[in-house]
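Following: one structure in structure tokens, then a few remarks.
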Amino acid sequence: MVTVPELKRISSRISAIAESATLKVDAKAKALQAAGRPVISYAAGEPDFPTPAHIVDAALLAVKDPKNHRYTPAAGLPELRQAIADKTKRDSGWAVDPSQVVVTNGGKQAVYQAFATLLDPGDEVLVPTPYWTTYPEAIKLAGGVQVDVFAGAEQNYLVTVEQLEAARTDKTKVLLFVSPSNPTGAVYSPEQTKAIGEWAQKHGLWIIADEIYQNLTYDGVKAMSIVEAVPALQDRTILVNGVAKTYAMTGWRLGWMVGPVDAMKAAANLQSHLTSNVSNISQRAALAALTGPQEPVEEMRLAFDRRRKIAVAELNKIPGMIVPTPEGAFYVYADVRGLLNKEWAGVTPTNSLELADLILDKAEVAAVPGEAFGPSGYLRLSYALGDAQLLEGIQRLQKLFS
Ligand SMILES: Cc1ncc(COP(=O)(O)O)c(C=O)c1O
């Protein structure tokens, strides 16, 4: 008889990947809504607006042109890479050549490729915490070791140079820098950015800077790019960005990475075997987004700003909830530790996961628990939803926790 070796059905590497917690909560909320329950969801990480009309029109024209029915170079259409180089100069203060740009399937692929390009097994990555839920998986898959550096509400979710230095070892290769942040909406000031950049430069660290929310800031705040603050970092920085959040284009799957030529060449080689180029139609749409009128972006930003103010003011009326005012992105990050271990509608939540379940069950409100982004004790609420719904959901929470 032939003996067949018992091999694991799913590889250890892939079975260790957790489902995206944000997508999971959002899917649960949508399923309940589909079943007729009046759930108000603060879980989604995407603008509620349609993509601006001139971008959609450019895509419609593109789809009819047979030249767009073909592959493009793996790293992207030359004219789009040029437009991204121009945007990088405009918004991140870094004059790059189009050869330093790789167009990716969303910022998410850029995140994966950035870590895969830089990390060898055992290399450590400093990750300011709370962090967006995809980074740990991208780091793990690349063989890297995540080192959390936590900043709570009392420090506006912003890490300091002292904290980073305390976490640095001789294995530290990369600092992840995300400003504005998902999940907290926190934005580092130009001075804080410069101090962190200079510290990283002094220790020869690479930076992966996720700038996907850079155009969504409020109160006159500018999210200064870390390479603008410390130009000497240009040789060891990869910027991650995309059109999803700024242009309400999450479904178009278009992002990019910008960095030194050798790193971008390596990343493009990886991509050439992984996904090849991004859909030609989406590339044409992104070109229209980056080079066309920017008024729709400003209109959306003003709407987010209005909702941000409503969310912060109303949530802070709930005793036991602390909500610092976020200066960017479209999330508030509530410290809810004051609501734990108390009885609400017959339930006593001991962590934010249980609290999120409680508010979904009793108030039909969906929010993502802190466990998805680091320590327990927090809830992320996206305010990318209509003003009336936004207010109604918070009023339900006010009632539940009164
Ligand atoms: C911080 C951050 N980076 C990157 C992304 C990736 O965006 P996309 O892949 O939709 O371009 C997201 C999306 O939620 C994000 O929040």
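Read the figures in this text as sums done on the coordinates, not as results from a lab. In this text, all values refer to a predicted model and were calculated from it rather than measured experimentally. Quick reminder, even Gly has a Cβ in these numbers, built from the backbone with ideal geometry, and neighbours come from all protein chains shown.
Data for the structure
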{"quantity": "DSSP bridge pairs, the chain: antiparallel proportion in percent, nearest 5", "calculated": "45 percent"}
{"quantity": "Kirkwood hydrodynamic radius of segment 311-350, Cα pairs, Å", "calculated": "11.2 Å"}
{"quantity": "Shape of segment 4-58, Cα gyration tensor, a/c cut at 1.5", "calculated": "oblate"}
{"quantity": "Fraction of alpha-carbon pairs over 26 Å apart in segment 1-116 - percent", "calculated": "53 percent"}
{"quantity": "Test item: Cα-centred dipole of the chain, Lys/Arg +1 and Asp/Glu -1 on Cβ, debye", "calculated": "780 debye"}
{"quantity": "Cross-link table Lys362/Lys399; Lys8/Lys108; Lys317/Lys399; Lys108/Lys245; Lys194/Lys245, entries beyond 20 Å C-alpha to C-alpha", "calculated": "Lys8/Lys108; Lys194/Lys245"}
{"quantity": "In segment 36-143, chymotrypsin sites (Phe, Trp or Tyr not before Pro) in a DSSP loop with at most 11 other beta-carbon atoms within 10 Å", "calculated": "Tyr71"}
{"quantity": "Length-normalised contact order for segment 53-291 - Cα pairs under 8 Å, 6+ apart - percent", "calculated": "29 percent"}
{"quantity": "Contact order normalised by residue count of segment 236-361, Cα under 8 Å, 6+ apart, percent", "calculated": "13 percent"}
{"quantity": "Along the chain, longest interval not containing exposed trypsin sites (Lys or Arg not before Pro), exposed being DSSP loop plus at most 16 other Cβ atoms within 10 Å", "calculated": "71-170"}
{"quantity": "Among Pro260, Ala288, Asn215 the positive-end extreme of the charge dipole of segment 53-291 (Cβ point charges)", "calculated": "Ala288"}
{"quantity": "Per residue Cα convex hull volume in Å³ - calculated over the chain", "calculated": "184 Å³"}
{"quantity": "For segment 53-291, size of Cβ-based charge dipole, Lys and Arg +1, Asp and Glu -1, in debye", "calculated": "840 debye"}
{"quantity": "Restraint check, Lys24/Lys202; Lys140/Lys265; Lys67/Lys140; Lys24/Lys171; Lys24/Lys309, Cα-Cα greater than 32 Å", "calculated": "Lys24/Lys202; Lys67/Lys140; Lys24/Lys171"}
{"quantity": "Summed side-chain charge close to Asn351 - residues other than Asn351 whose Cβ falls under 11 Å, Lys, Arg +1, Asp, Glu -1", "calculated": "-2"}
{"quantity": "D_trans [Stokes-Einstein, Kirkwood Rh over alpha-carbon pairs] for segment 116-170, 20 °C, 1.002 mPa s, µm² s⁻¹", "calculated": "181 µm²/s"}
{"quantity": "Relative contact order for the chain, counting Cα pairs under 8 Å that sit 6 or more residues apart, in percent", "calculated": "22 percent"}
{"quantity": "Stokes-Einstein translational diffusion, segment 53-291 - Kirkwood Rh over all Cα pairs, 1.002 mPa s, 20 °C, in µm²/s", "calculated": "119 µm²/s"}
{"quantity": "Longest DSSP-loop-exposure-free segment, GluC sites (Glu not before Pro), the chain, at most 12 other Cβ within 10 Å", "calculated": "20-342"}
{"quantity": "Cα gyration tensor shape of segment 165-268, rounded if a/c is under 1.5, else prolate or oblate by comparing a/b with b/c", "calculated": "oblate"}
{"quantity": "Virtual spin-label span in nm between Arg37 and Thr160, 7 Å along Cα→Cβ", "calculated": "4.4 nm"}
